[in-house]
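*Asks:* Mind looking over this structure? Questions follow.
The values are calculated or read from the model by the stated rules, or taken from the named source; none is laboratory data. Predicted, not measured: the structure shown is a model, and the values here were computed from it. Don't worry about glycine lacking a Cβ; one is built from the backbone with ideal geometry, like all the others, and counts go over all protein chains shown. Heavy atoms of the whole protein, side chains included, go into the accessibility calculation; ligands, DNA and RNA do not. Shrake-Rupley method; radii C 1.70, N 1.55, O 1.52, S 1.80 Å.
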Amino acid sequence: MERMTALPLTPASANDGRLVCHYFEANRCRSCTLIETPHTQQISDKEAWCREILADHAPDLWLPAASGPDHDFRNRAKLAVGGAAGAVTLGILDHEFHGVDLRECGIQAPAIRAAIPALADFLDATGLDPYDVSARRGELKFVHVTAAPSGELMVRFVVRSQFGLEVISARRDALLAAIPQASVVSVNLLPEHKAALEGSREVMLLGETLRMDLERVDLHLRPQSFFQTNTEVATALYDQVAQWVDEMEPRTLWDLYCGVGGFALWCAAPGAVAPRRVTGIEISEQAIESAKLSAAELGVSAEFIAGDATDFAATHLGGAAPDTAPMEEATDVEGHLGEVERPDLIIVNPPRRGIGAKLSEVLENSGVEHVVYSSCNPLTLAKDLDRMPSYTVEQARVFDMFPHTKHLEVAVLLRRP
């Protein structure tokens with residue numbers, strides 16, 4: 001199996017700021033579609049595109065784009081296992097479902113890149129067959145690796161069956177010796193033949209949560225939790241939203257689609273301009289448990305509720321009837337029952353599909369003065385803003401969360417005149 005012998009991401013020219021990826025040049029991986037464009041140009045192009053998409057909702061102020069390094073930035077690797085038993089590849093599968101080894105990928109965090117060869121050796125020693133997509137047989141499907149700023153790792157193996165789980169579990173001690181920086185290890189079962197990165201069953205072999213030690217808050221990630229893939233730019237996004245919130249001085253705040261509580265905890269953390277009551281809503285119970293743990297460590301007044309964000313808002317702000325059964329009552333960090341207060345400000349951070357017609361209608365009719373909308377898809381953001389004509393965009397900022405791709409994050413501060 002051919003492997004690179006030198007780090008594949010190198011400066012091409014001190015004059016134009018481009019990078020050369022030898023995987024890209026050899027046509028082995030084309031995931032970073034914009035890598036031949038200088039990073040500064042990528043950012044300005046993204047800003048221009050956002051301005052065009054949001055032209056009908058132009059803000060009073062476009063803040064300068066936030067960006068980080070153009071390499072070593074990705075805190076999570078989703079590595080497809082290919083090759084053969086005893087000679088696995090870790091990277092991607094090509095169009096014929098053959099493994100392409102990308103263990104030296106230059107956009108991965110150094111802690112991840114350093115661990116990949118040891119993970120490959122560990123999998124080779126198990127003798128397990130990589131999953132053959134065409135033949136629908138084999139065991140090893142993916143390895144997911146997440147790196148915290150401290151260098152600690154969460155390692156997840158995605159396998160097809162109980163047999164794969166038992167083989168990896170039996171070699172747990174060897175794995176921990178090979179990857180001493182791992183603080184969370186799990187095996188995920190994905191028995192179905194489908195285009196998915198994980199299944200629903202997760203078996204923990206070590207630890208429970210990976211501590212993401214950020215500037216203002218330590219967040220806890222469980223195996224199936226979501227977190228932005230670029231830690232430095234995610235921190236800049238949290239800082240910006242917290243700054244807007246501090247300027248608006250809300251007494252109560254909701255964080256809808258709160259995930260593991262990043263925005264909510266950043267805005268409730270010690271050092272906030274004024275004490276405020278924060279409530280976070282998230283459909284994932286795992287994420288809510290992580291948010292509660294972080295809130296307890298911080299000792300802040302934050303409530304986290306597992307439930308559908310749209311239904312929660314419709315129930316407590318009025319609007320369309322909820323689609324699901326009533327959710328659990330809010331509990332604070334000490335476990336006492338609390339009452340849901342009407343918010344002075346709402347943060348929304350939806351998936352790519354946006355908040356949709358129903359939640360847009362609820363917000364439009366809510367009377368809430370301020371909304372902060374963090375979007376990974378300006379196209380759906382524009383559609384949602386069309387549905388909320390009572391709000392004007394005061395400020396907007398692009399966050400270059402995904403260098404070398406067309407993807408980005410954009411946050412806007414909305415005010416009801």
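*Asks:* Here are some values of Cα extents along the principal axes in Å: (1) 86, 61, 47; (2) 63, 54, 39; (3) 57, 55, 41. Which one was computed from this structure?
*Replies:* (2)
*Asks:* Quantify, in whole percent, the carbon and sulfur part of the accessible surface of the chain (1.4 Å probe; protein heavy atoms only).
*Replies:* Roughly 50 percent, rounded to a whole number.
*Asks:* Quick one: compute the contact order of the stretch 49-113, relative version, from alpha carbon pairs under 8 angstrom and 6+ residues apart, as a percent.
*Replies:* Answer for the stretch 49-113 is 27 percent.
*Asks:* Right, another one. Is any helix in the chain, taking whole DSSP H runs, at least 27 angstrom long along its axis by alpha carbon and on average at least -1.0 on the Kyte-Doolittle scale, and which ones?
*Replies:* Counting only whole DSSP H runs, no helix qualifies.
*Asks:* With the contact rule set at Cα under 8 Å and sequence spacing of 6 or more, what percent relative contact order holds for the chain?
*Replies:* Averaging sequence separation for qualifying contacts and normalising by length gives 14 percent for the chain.
*Asks:* Which percent, nearest 5, of DSSP beta bridges in the chain are antiparallel?
*Replies:* If I count the DSSP bridges inside the chain, around 60 percent turn out antiparallel.
*Asks:* Also: Do any trypsin sites (Lys or Arg not before Pro) in the stretch 48-147 lie in a loop, going by DSSP, with at most 16 other beta-carbon atoms within 10 Å of their beta carbon, and if so which?
*Replies:* Arg136
*Asks:* Leaving out ligands, DNA and RNA but keeping every protein chain, what accessible area does Lys383 have, in Å² rounded to the nearest 10, with a 1.4 Å probe?
*Replies:* Its accessible surface works out to 120 Å², give or take rounding.
*Asks:* So, taking all protein chains as they sit and a 1.4 Å probe, how much accessible area belongs to Leu102, in Å² rounded to tens?
*Replies:* 20 Å²
*Asks:* Residues of the stretch 171-302: accessible area per residue at 1.4 Å, in Å²?
*Replies:* 39 Å²
*Asks:* Per DSSP helix of 4 or more residues, -39500 (n - 2.57); summed, then divided by the residues of the chain. What does that give at 222 nm, rounded to the nearest 500?
*Replies:* Values: 11 runs with 118 residues, N = 417.
Calculated from helices alone, the mean residue ellipticity at 222 nm is -8500 deg cm²/dmol.
*Asks:* Still on this structure, please answer the following. Can you tell me the dipole magnitude for the chain around its Cα centre, using point charges on the Cβ only (Lys, Arg +1; Asp, Glu -1), in Debye to the nearest 20? Please report the intermediate quantities before stating the final value.
*Replies:* Working: 37 positive and 59 negative charges, 197 e Å.
Dipole size: approximately 940 debye.
*Asks:* Accessible area of Phe226, 1.4 Å probe, to the nearest 10 Å²?
*Replies:* Its accessible surface works out to 130 Å², give or take rounding.
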